[in-house]
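Undergrad: Just passing along the structure, written as structure tokens.
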Amino acid sequence: MKKTNITLNVNGQAHEASVEPRELLIHVLRDRMDITGPHVGCETSHCGACTVEIDGRSVKSCTMFAVQAEGAEITTVEGLGSPDKLHVLQEQFKEHHGLQCGFCTPGMITRAHRLLLENPTPTEDDVRFGIAGNLCRCTGYQNIVKAVLSAADIINNETQESAA
């Protein structure tokens, strides 16, 4: 099968790959670029474990062809923080025990990040609706919601303090 050369900007770094038109973005990220934060779950877009941000939108990378992402700005959970300096969402998931097995966590945090950019002051219902496309089979969501709301409060307080 004929391959196509693509360039993706993932977490601020340019990556090039030669891909078949049928290759899914999740497989190119994980298998070719060694970006393993997004997980392969259901491969039908139901679970959300593969959620990444593409050009300012939450996208389930298991149902997007890599060629469709040509030239896109992609952010995965790895692009939000680092082991030395976690993103506030990562810290709050840890602080509020918003994870158990951790399989859904990268997609959940990535989706929550986009949610907070779109709605910086969400209610509990807003968070529940906003993460509804990401499934967790372990936590019952209560601590995930607490983590997202806590992160929103911290971000908003930091914004207010820096504006003052």
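The values are calculated or read from the model by the stated rules, or taken from the named source; none is laboratory data. These numbers come from a predicted model, not from an experiment. Positions of Cβ are backbone-derived with ideal geometry, glycine not excepted, and every protein chain shown enters the neighbour counts.
Undergrad: Which one of C104, C50 is in contact with a His (Cβ under 9 Å, 6 or more places away or on another chain), assigned by TED's automatic domain parsing to the domain that holds I26 and either touching a residue at least 12 places away in the same chain (Cβ under 8 Å) or β-branched (V, I, T) (or both)?
TA: So the residue among C104, C50 that is in contact with a His (Cβ under 9 Å, 6 or more places away or on another chain), assigned by TED's automatic domain parsing to the domain that holds I26 and either touching a residue at least 12 places away in the same chain (Cβ under 8 Å) or β-branched (V, I, T) (or both) is C50.
This table checks each residue for (1) among the charged types (D, E, K, R); (2) in contact with a Pro (Cβ under 9 Å, 6 or more places away or on another chain); (3) within 30 Å of N156 (Cβ to Cβ).
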| position | (1), (2), (3) |
| --- | --- |
| I26 | no, yes, no |
| G37 | no, yes, yes |
| V40 | no, no, no |
| G48 | no, no, yes |
| E53 | yes, no, yes |
| L86 | no, no, yes |
| H97 | no, no, yes |
| L117 | no, no, yes |
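Undergrad: If we keep just the residues of the range 62-111 that are touching a Gly at 6+ places or on another chain (Cβ under 6 Å) and under 14 Å from T51 (Cα atoms), which is surrounded by the fewest Cβ atoms within 10 Å (Cβ to Cβ)?
TA: E78
Undergrad: Of all residues in the range 9-27, which are part of a strand (DSSP E or B), within 17 Å of L80 (Cβ to Cβ) and not polar (S, T, N, Q)?
TA: Residue satisfying the conditions is V10 alone.
Undergrad: Still on this structure, I have one more. Among the numbered criteria (1) out of contact with any helix residue (DSSP H, G or I) (no Cβ under 9 Å at 6 or more places or on another chain); (2) surrounded by 17 or more Cβ atoms within 10 Å (Cβ to Cβ); (3) among the polar types (S, T, N, Q), which single criterion is violated by Q142?
TA: For Q142, the exception is condition (2).
Undergrad: Can I ask one more? Let me spell it out: the conditions are (1) of a type in the set (K, R); (2) more than 20 Å from G12 (Cβ to Cβ); (3) without any contact (Cβ under 8 Å) to a residue 60 or more places away in the chain, and K60 meets all of them except one. Which number is the exception?
TA: So K60 meets the others, but not (3).
Undergrad: Are any of the residues in the range 48-61 more than 12 Å from the chain's Cα centre (by Cα) and crowded, with 16+ Cβ neighbours inside 10 Å?
TA: The answer is no, given that none of the residues of the range 48-61 is more than 12 Å from the chain's Cα centre (by Cα) and crowded, with 16+ Cβ neighbours inside 10 Å.
Undergrad: Evaluate the range 132-141: report whether one residue or more is under 24 Å from R57 (Cβ atoms) and of a type in the set (V, I, T).
TA: no
Undergrad: Inside the range 135-151, can you point out the residues that are within 16 Å of the chain's Cα centre (by Cα), not in a loop (DSSP other than H, G, I, E, B) and not β-branched (V, I, T)?
TA: If the condition is that a residue be within 16 Å of the chain's Cα centre (by Cα), not in a loop (DSSP other than H, G, I, E, B) and not β-branched (V, I, T), then A147, A151 are the ones that fit.
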